[in-house]
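Report on one structure; see the data block that follows.
The values are calculated or read from the model by the stated rules, or taken from the named source; none is laboratory data. Nothing here was measured: the structure is a model prediction, and the numbers come from that model. As a convention, Cβ positions derive from the backbone with ideal geometry for all residues, glycine included, and neighbour counts pool all protein chains shown.
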Amino acid sequence: MTKAMQNRLRSTRRRLAIFGAGGHGRELAWLAELVGWKRSDLCFVVDKPAYRVKHVNGLAVCLLDDAIALGEEAGYVVALGDALARERSVILCERAGLTPVSLIHPGIELSPSVNIGQGSVICAGTILTTNIHIGRHVHINIGCTISHDAEVAEFATLSPGVHIAGHVSVGRRAFIGIGAVIINGSENERLVIGDDAVIAAGACVTCSVEAGAMVAGVPAVSKR
Ligand SMILES: CC(C)(COP(=O)(O)OP(=O)(O)OC[C@H]1O[C@@H](n2cnc3c(N)ncnc32)[C@H](O)[C@@H]1OP(=O)(O)O)[C@@H](O)C(=O)NCCC(=O)NCCS
């Protein structure tokens, strides 16, 4: 990258680097504009030259090494559905000196007792009721609902149309497939989806799921 390009990138404008230029990246670029980012302040970032193309949907794609030139003024959000890849990419972005930005659709419903960690993404049509904790870099896709006293740990992913009832804990990097339903736990016994668990699309989870397990079906049963 030339000095002139670096100086241009180091301008006082705040910029947002979207890590990942695939389908989810394009969706997050759209969301970023909806929450008020100027199109001219957005770019995609990839970590391997093989993923680099000139433009995606009219936005520039640059290498992470080049994004370092964006400096501390630049924010980042990781647009990767795979939790492990997202976690690794967060480490790369932090090392590059970028700061995490959350993208929360302006039309979602949530009470004041909901807290949301840095770098998390919450898409259109989602409702979060009361006393809910969402960790860092969680992705909640379109049309999800989360009820009272639920916790979603860092790097977890909720696909479109997931419904989580009250007193449920979702573990780190857990993946919940499209249209899955998790029934409620209780004050005395939470329903726990373990770290790295995978819940298949359309599943109805009626009891706790062990860390690393994969469950599917209605009611959901273990597949591995
Ligand atoms: C759960 C999932 C990840 C499993 O994928 P996989 O590891 O490739 O597993 P397989 O396709 O080999 O299936 C393993 C078993 O689970 C069953 N299974 C997989 N997905 C299922 C589902 N959604 N409902 C019911 N059973 C399912 C398979 O029939 C197979 O059963 P068997 O061993 O009795 O034959 C995948 O099927 C899935 O549901 N992905 C969610 C996709 C999604 O929501 N994407 C959102 C993008 S925004």
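Output yes when any residue across segment 199-209 is in contact (Cβ under 8 Å) with a residue 24 or more places away in the chain and more than 15 Å from the ligand (Cβ to nearest atom), and no when none is.
The answer is no, given that none of the residues of segment 199-209 is in contact (Cβ under 8 Å) with a residue 24 or more places away in the chain and more than 15 Å from the ligand (Cβ to nearest atom).
Looking at segment 164-174 only, could you name the residues that are more than 16 Å from the ligand (Cβ to nearest atom) and under 10 Å from S147 (Cα atoms)?
If the condition is that a residue be more than 16 Å from the ligand (Cβ to nearest atom) and under 10 Å from S147 (Cα atoms), then A165, G166, H167, V168 are the ones that fit.
Could we say that A96 is within 25 Å of E33 (Cβ to Cβ) and crowded, with 19+ Cβ neighbours inside 10 Å here?
Yes; evaluated as a whole, the condition is true for this residue.
Which residues, taken from segment 210-224, are surrounded by fewer than 21 Cβ atoms within 10 Å (Cβ to Cβ), within 12 Å of the ligand (Cβ to nearest atom) and not in a strand (DSSP E or B)?
Across segment 210-224, the qualifying residues are A213, G217, V218, P219, K223, R224.
Mind checking whether some residue in segment 175-194 is touching a residue at least 60 places away in the same chain (Cβ under 8 Å) and more than 9 Å from the ligand (Cβ to nearest atom)?
The answer is no, given that none of the residues of segment 175-194 is touching a residue at least 60 places away in the same chain (Cβ under 8 Å) and more than 9 Å from the ligand (Cβ to nearest atom).
What tally of residues in segment 123-161 results from selecting those that are within 14 Å of the ligand (Cβ to nearest atom) and part of a strand (DSSP E or B)?
4
Determine the pairs where a residue that is more than 14 Å from V45 (Cα to Cα), located within segment 6-23, has a partner that is surrounded by 14 or more Cβ atoms within 10 Å (Cβ to Cβ) and at pLDDT below 50 with Cβ atoms under 8 Å apart, the partner being 6 or more residues away or on another chain.
Short answer, once both residue conditions are applied: none.
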